[in-house]
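Below is one structure, written out as C-alpha cells; comments come after it.
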C-alpha cells in the first residue's frame with residue numbers, strides 16, 4: 001500500500017467558526033507534501049486531525065490503512081509528529097526527554113541506543129544533551145522536537161513549521177534531513193516559507209479559510225499568475241515603439257506592459273498567452289530585427305506572489 | 001514497560017528534578033510539626049498518641065495538595081506539551097492515571113518523611129501503632145481524593161492559579177460538608193436526602209474513622225470511588241478541552 005497518508009474530507013468547526021472545511025489529501029511513500037496557507041487558514045487544525053489530537057467533526061484520517069478514529073493507538077505508532085512550536089517538557093534535559101520518547105516508542109536494548117544516537121546525530125543536538133530544554137534557544141528546541149519525531153523512524157512524518165526559528169544553515173540542514181528521510185516515508189511539511197516548497201516538496205497543497213485552493217506542484221502554483229513565463233526587456237526609449245510593434249506580431253503574446261520609463265531606459269514586460277514559453281520567439285524577433293536592447297530575461301515569478309494572489313485579492317492579474 | 005508506568009516515571013522525575021518535590025515535602029513536614037507541637041500541644045497533653053498530628057492533616061492537605069495538582073494538566077495545556085503527549089501512542093486514561101500515581105506517590109513520600117514524630121512518640125510512651133498506621137493510610141487516601149479532584153479541575157483551565165484556587169475551594173467543601181455547623185445550617189430548609197448526601201460525602205468523617213484505628217470497608221470504598229469518579233471526569237475533560 002503506497003498511500004501512507006489518506007485524509008478524506010476532514011471538517012472541523014470551533015463554535016461558529018469553520019476552521020477546516022472538507023480537506024482531502026493523499027501522500028505516498030517517498031513524497032514530501034508542502035502544506036501551505038496563510039496564518040489561521042486551518043493548516044495546524046488539519047494536522048491535528050491527521051495525527052489524532054483533534055477529532056474531526058466529519059471525515060477520516062487513515063495512516064497506512066489504519067483508521068485514526070477506530071484504532072488511534074495503532075495509527076499513532078506509525079506517525080512522527082512535530083507540533084507547532086515544538087512543545088516539549090521544559091524541565092527535562094534533552095537526553096532525558098529523548099529517553100522518555102524511547103520508552104513510549106517501546107524501544108529497548110541495542111536498537112534503542114542506536115535509534116537515540118541516530119536521532120541525535122540527524123538533528124545535530126549532541127552539544128545540548130545535558131541541558132534543560134527550557135534553557136535552549138528556539139532553534140535547538142525545534143531540533144529537539146524534530147529528533148523526537150524521527151526517532152522511531154516512522155512511516156509517516158508530519159511536521160508543523162519545522163524550520164521556524166532556525167538560521168539559514170540550520171534550515172538548509174533540516175531540509176536535507178527531510179529529503180533524506182522521505183525515501184521511505186510519507187512526509188507532510190507545513191510552512192509559510194515558500195522557498196521551502198521549492199527546496200524540498202514534491203507536491204503542494206495551498207489552503208485558505210479552511211478550503212483547498214490548489215493541489216498540485218510548485219509549478220502549478222506559479223502558473224496561476226498571469227506573468228508566469230513573461231519576458232522582461234530593457235531598452236532605450238527611442239526604440240520602444242518599434243520594438244512593441246514587432247513583438248505584437250507574435251501570436252503567442254497577449255500584451256506588453258511598459259514599466260519604469262526613464263530618460264535613458266525603459267522596461268518592457270511581455271506577457272504570454274496561456275503561460276506559453278515565449279522567450280525564444282521574443283529573442284528571435286529581436287535578433288532578426290537587430291533591435292538594440294540592453295537586457296532580456298524571463299520573469300521569475302515569486303511563489304509569494306502566487307500565494308498572495310490565491311489567498312487574497314490583492315494581485316488581480318490572471319489569464320484564465 | 002506499561003504506558004502508565006512510563007508516564008508516572010516521567011512525572012516523578014519532573015517532581016524531583018525541580019524544587020517542587022523538595023519544597024512540598026519540607027513544608028508539609030514543617031507545618032505538620034508546627035501544628036502538632038504548638039497548636040496541638042503534643043507534649044503538654046501527656047498522651048502517647050498522634051491525634052494532634054493527624055488532626056491537622058485534612059486542613060494542610062486542603063491547601064497543599066492543590067499546589068501539586070494545579071500543574072498536572074493546566075501546565076500541559078499552557079505549554080502545548082499536551083499535543084505531544086496526546087499524539088504519542090498513549091490514551092488519555094493512561095496519561096491521567098500515570099500522572100495521578102506519580103503525584104500520589106510523592107505525597108506518600110512526604111507522609112513517610114514525617115516518621116520522626118512517630119519515632120518520638122514511641123520513645124516517649126507506648127502508643128497504639130495500629131492506630132498510627134491506619135491514620136497514615138487515611139491521610140494518604142484523603143490526599144488521593146483531593147488530588148483526583150484537583151487533577152480534574154486542573155484539566156479545565158490553562159491557568160494554574162485558577163486551578164489552585166478552585167481545587168482548594170472544592171476540597172474545602174468536601175471537608176466542611178461533614179462538620180456539624182454545615183449540616184445544621186442546611187437543616188430545615190434542604191430536603192433530607194440532600195442533607196444525607198452532604199453528610200455521607202464528608203471526607204472528614206471517613207478520615208476520623210481511620211484516626212480512631214478503624215479501617216472500615218465503607219471508608220475505603222468511599223475514597224476509591226471518589227478517586228475513580230474524579231479521574232473519570234478528568235479523562236472526559238481532557239478529551240473535550242485538550243485542543244482549546
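The values are calculated or read from the model by the stated rules, or taken from the named source; none is laboratory data. Bear in mind that the values here come from a model prediction, so they are computed numbers and not experimental data. Here the Cβ is made from the backbone with ideal geometry for all residues, glycine too, and neighbour counts use every protein chain on show.
Suppose the filter is part of a helix (DSSP H, G or I), modelled with pLDDT of 80 or more and within 30 Å of residue A:83 (Cα to Cα); does residue B:220 pass it? Answer is no for this residue.
Is at least one residue of segment B:31-38 surrounded by 20 or more Cβ atoms within 10 Å (Cβ to Cβ), assigned to a helix (DSSP H, G or I) and over 17 Å from the mean Cα position of the chain (by Cα)? Taking every residue of segment B:31-38 in turn, at least one turns out to be surrounded by 20 or more Cβ atoms within 10 Å (Cβ to Cβ), assigned to a helix (DSSP H, G or I) and over 17 Å from the mean Cα position of the chain (by Cα).
Restricting attention to segment A:199-228, the residues that are closer than 18 Å to residue A:27 by Cα and assigned to a loop (DSSP other than H, G, I, E, B) add up to 3. Can you confirm whether segment B:156-166 contains a residue that is under 14 Å from the mean Cα position of the chain (by Cα), assigned to a helix (DSSP H, G or I), more than 14 Å from chain A (Cβ to nearest Cβ) and surrounded by fewer than 18 Cβ atoms within 10 Å (Cβ to Cβ)? The answer is no, given that none of the residues of segment B:156-166 is under 14 Å from the mean Cα position of the chain (by Cα), assigned to a helix (DSSP H, G or I), more than 14 Å from chain A (Cβ to nearest Cβ) and surrounded by fewer than 18 Cβ atoms within 10 Å (Cβ to Cβ).
Just to be sure, is residue B:22 surrounded by fewer than 17 Cβ atoms within 10 Å (Cβ to Cβ) and either within 14 Å of chain A (Cβ to nearest Cβ) or touching a helix residue (DSSP H, G or I) at 6+ places or on another chain (Cβ under 6 Å) (or both)? Full working, then the answer.
Numbers: surrounded by fewer than 17 Cβ atoms within 10 Å (Cβ to Cβ): yes; either within 14 Å of chain A (Cβ to nearest Cβ) or touching a helix residue (DSSP H, G or I) at 6+ places or on another chain (Cβ under 6 Å) (or both): yes.
Yes; evaluated as a whole, the condition is true for this residue.
Across segment A:50-62, a minimum of one residue is classified as part of a helix (DSSP H, G or I) and within 12 Å of chain B (Cβ to nearest Cβ).
Answer with yes or no whether residue A:158 is without any contact (Cβ under 8 Å) to a residue 40 or more places away in the chain, on the phi < 0 side of the Ramachandran plot, in contact with a helix residue (DSSP H, G or I) (Cβ under 9 Å, 6 or more places away or on another chain) and surrounded by 21 or more Cβ atoms within 10 Å (Cβ to Cβ).
Criteria not met by residue A:158.
Among the residues in segment B:139-151, are any assigned to a helix (DSSP H, G or I), surrounded by fewer than 19 Cβ atoms within 10 Å (Cβ to Cβ), out of contact with any strand residue (DSSP E or B) (no Cβ under 6 Å at 6 or more places or on another chain) and more than 14 Å from chain A (Cβ to nearest Cβ)? The answer is no; no qualifying residue exists. Just one residue in the set A:124, A:148, A:176, A:131 is in the same structural domain as residue A:62 (by TED's automatic domain parsing) and within 25 Å of residue B:2 (Cα to Cα); that residue is A:148.
Results for (1) surrounded by fewer than 14 Cβ atoms within 10 Å (Cβ to Cβ); (2) under 29 Å from residue A:194 (Cβ atoms), shown as yes or no for each residue.
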| position | (1), (2) |
| --- | --- |
| A:229 | no, yes |
| A:256 | no, yes |
| A:259 | yes, yes |
| A:265 | yes, no |
| A:274 | yes, yes |
| A:290 | yes, no |
| A:297 | yes, yes |
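Per the listing A:196, A:274, A:261, A:257, the residue uniquely in the same structural domain as residue A:295 (by TED's automatic domain parsing) and not in a loop (DSSP other than H, G, I, E, B) is A:257.
Could you list all residues from segment B:179-215 that are within 17 Å of the chain's Cα centre (by Cα) and not in a helix (DSSP H, G or I)? Across segment B:179-215, the qualifying residues are B:201, B:202. Taken together, the residues in segment A:11-49 that are assigned to a strand (DSSP E or B) and within 14 Å of chain B (Cβ to nearest Cβ) amount to 6. Just one of the listed residues (A:124, A:131) is surrounded by fewer than 19 Cβ atoms within 10 Å (Cβ to Cβ), at positive phi and either touching a helix residue (DSSP H, G or I) at 6+ places or on another chain (Cβ under 8 Å) or touching a residue at least 60 places away in the same chain (Cβ under 8 Å) (or both), and it is A:124.
Of the residues that make up segment B:181-204, is at least one touching a residue at least 60 places away in the same chain (Cβ under 8 Å) and either surrounded by 13 or more Cβ atoms within 10 Å (Cβ to Cβ) or over 15 Å from residue B:70 (Cα atoms) (or both)? Step through it out loud before you land on a result.
We begin by selecting, within segment B:181-204, every residue touching a residue at least 60 places away in the same chain (Cβ under 8 Å); these are B:203-204.
Add one more test, that the residue is either surrounded by 13 or more Cβ atoms within 10 Å (Cβ to Cβ) or over 15 Å from residue B:70 (Cα atoms) (or both), and what stays is B:203-204.
Yes: one or more hits.
If you take the residues in segment B:65-80 that are free of Cβ contacts under 8 Å to residues at least 60 places away in the same chain and surrounded by fewer than 19 Cβ atoms within 10 Å (Cβ to Cβ), which one is farthest from the other protein chains (Cβ to nearest Cβ)?
Within segment B:65-80, the first condition is being free of Cβ contacts under 8 Å to residues at least 60 places away in the same chain, and the residues that meet it are B:76, B:79-80.
Within this subset, residues satisfying the condition of being surrounded by fewer than 19 Cβ atoms within 10 Å (Cβ to Cβ) are B:79-80.
On the way: B:79: 6, B:80: 4 Å.
Selected residue: B:79.
Of everything listed in (1) over 21 Å from residue A:136 (Cβ atoms); (2) surrounded by fewer than 18 Cβ atoms within 10 Å (Cβ to Cβ), the single unmet condition for residue A:90 is (1). Scanning segment A:63-85 for residues that are more than 9 Å from chain B (Cβ to nearest Cβ) and at positive phi yields A:64, A:65. Would you check if residue A:174 is touching a residue at least 60 places away in the same chain (Cβ under 8 Å) and under 27 Å from residue A:42 (Cβ atoms)? So residue A:174 does not fit the description; no.
Against the conditions (1) within 13 Å of chain B (Cβ to nearest Cβ); (2) more than 17 Å from residue A:78 (Cα to Cα); (3) under 29 Å from the mean Cα position of the chain (by Cα), residue A:99 satisfies every one except (3).
Can you pull out the residues in segment A:87-96 that are within 9 Å of chain B (Cβ to nearest Cβ) and over 18 Å from residue A:54 (Cβ atoms)? Correct list: A:88, A:89, A:90, A:91, A:92, A:93, A:96.
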